[in-house]
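Asks: Quick one: this structure, given as structure tokens, is what I'll be asking you about.
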Amino acid sequence: MGTLPVARLTEQDYLALERAADYKSEFVGGAVVAVSGKTIRTMRLAGTILSTLDQQLEGRDCAPFTSDLRMRTPRGDYFYPDVSVVCQSFESHEGNADVCVNPVVMVDVLPP
């Protein structure tokens with residue numbers, strides 16, 4: 001028995017779908033991937049990491065962000081890391097103000 005081919009989208013198609021959706025998804029290798037649910041434990045750990053980074057970065061030209069900030073990798077994949085850090089100025093991708101391309105740290109907290 002064969003498998004069905006996975007439909008590949010362009011970055012523009014993904015962004016249009018994502019902006020209209022009621023839920024988050026990531027974009028990896030041309031495929032849309034659902035963002036997994038978080039547990040109390042992973043949310044607490046992400047919050048602790050965010051708070052610690054915020055304290056450590058105080059007075060520097062860097063800022064931590066929550067999982068609501070979409071990141072684009074040089075390969076063209078899109079992620080919502082649980083915590084990220086951007087230094088200097090925020091750089092968006094081709095005028096897409098909701099897509100960051102210059103994080104210096106991306107943290108994803110995974111359940112055991």
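The values are calculated or read from the model by the stated rules, or taken from the named source; none is laboratory data. This one's a predicted model, so the numbers in the text were calculated from it and none came from an experiment. FYI the Cβ positions are ideal-geometry reconstructions off the backbone, even for glycines, and counts take in every protein chain you see. These accessible areas exclude ligands, DNA and RNA; they are computed on the full protein's heavy atoms, side chains included. Shrake-Rupley method; radii C 1.70, N 1.55, O 1.52, S 1.80 Å.
Asks: Could you please find all residues in region 68-100 being open to solvent by 50 Å² or more (accessible area, probe 1.4 Å) and either among the aromatic types (F, W, Y) or farther than 15 Å from Q12 by Cα (or both)?
Replies: D68, P74, F79, Q88, S89, F90, E91 - these are the residues of region 68-100 that are open to solvent by 50 Å² or more (accessible area, probe 1.4 Å) and either among the aromatic types (F, W, Y) or farther than 15 Å from Q12 by Cα (or both).
Asks: Scan region 79-96 for residues that are within 14 Å of the chain's Cα centre (by Cα), of a type in the set (A, V, I, L, M, F, W, C) and over 15 Å from D54 (Cα atoms) and jot them down.
Replies: Listed by number, the list holds a single entry, F79.
Asks: Further, regarding this structure: Restricting attention to region 17-59, report how many residues are at positive phi and open to solvent by 70 Å² or more (accessible area, probe 1.4 Å). Full working, then the answer.
Replies: Pass one, region 17-59, residues at positive phi: 29-30, 59.
Applying the additional criterion that residues be open to solvent by 70 Å² or more (accessible area, probe 1.4 Å) yields 59.
Here the count works out to 1.
Asks: Here is a further query. Report the residue count in region 94-112 for those that are more than 17 Å from E18 (Cα to Cα) and either of a type in the set (G, A, S) or part of a strand (DSSP E or B) (or both).
Replies: Going through region 94-112 one residue at a time, the tally reaches 5.
Asks: Name the residues in region 23-40 that are touching a residue at least 24 places away in the same chain (Cβ under 8 Å) and closer than 12 Å to Y80 by Cα, would you?
Replies: K24, E26, F27, V28, V35
Asks: Right, next: Where in region 1-93 are there strands (runs of 3 or more DSSP E), lying wholly inside it, with at least 3 residues that are of a type outside the set (G, A, S)?
Replies: Those strands (runs of 3 or more DSSP E) span 25-28, 62-65, 70-72, 83-87.
Asks: On to the next question. How many of the residues making up region 50-85 are β-branched (V, I, T), closer than 19 Å to K24 by Cβ and in contact (Cβ under 8 Å) with a residue 12 or more places away in the chain?
Replies: Residues of region 50-85 β-branched (V, I, T): 52, 66, 73, 83, 85.
Cutting the leftovers down to closer than 19 Å to K24 by Cβ gives us 66, 73, 83.
Checking the rest, the ones that are also in contact (Cβ under 8 Å) with a residue 12 or more places away in the chain come to 66, 83.
Qualifying residue count, region 50-85: 2.
Asks: May I pose another question? With the requirement that a residue be modelled with pLDDT of 95 or more and either touching a Gly at 6+ places or on another chain (Cβ under 6 Å) or not aromatic (F, W, Y) (or both), what does region 77-96 give you?
Replies: Listed by number, the residues that qualify are D77, P81, D82, V83, S84, V85, V86, C87.
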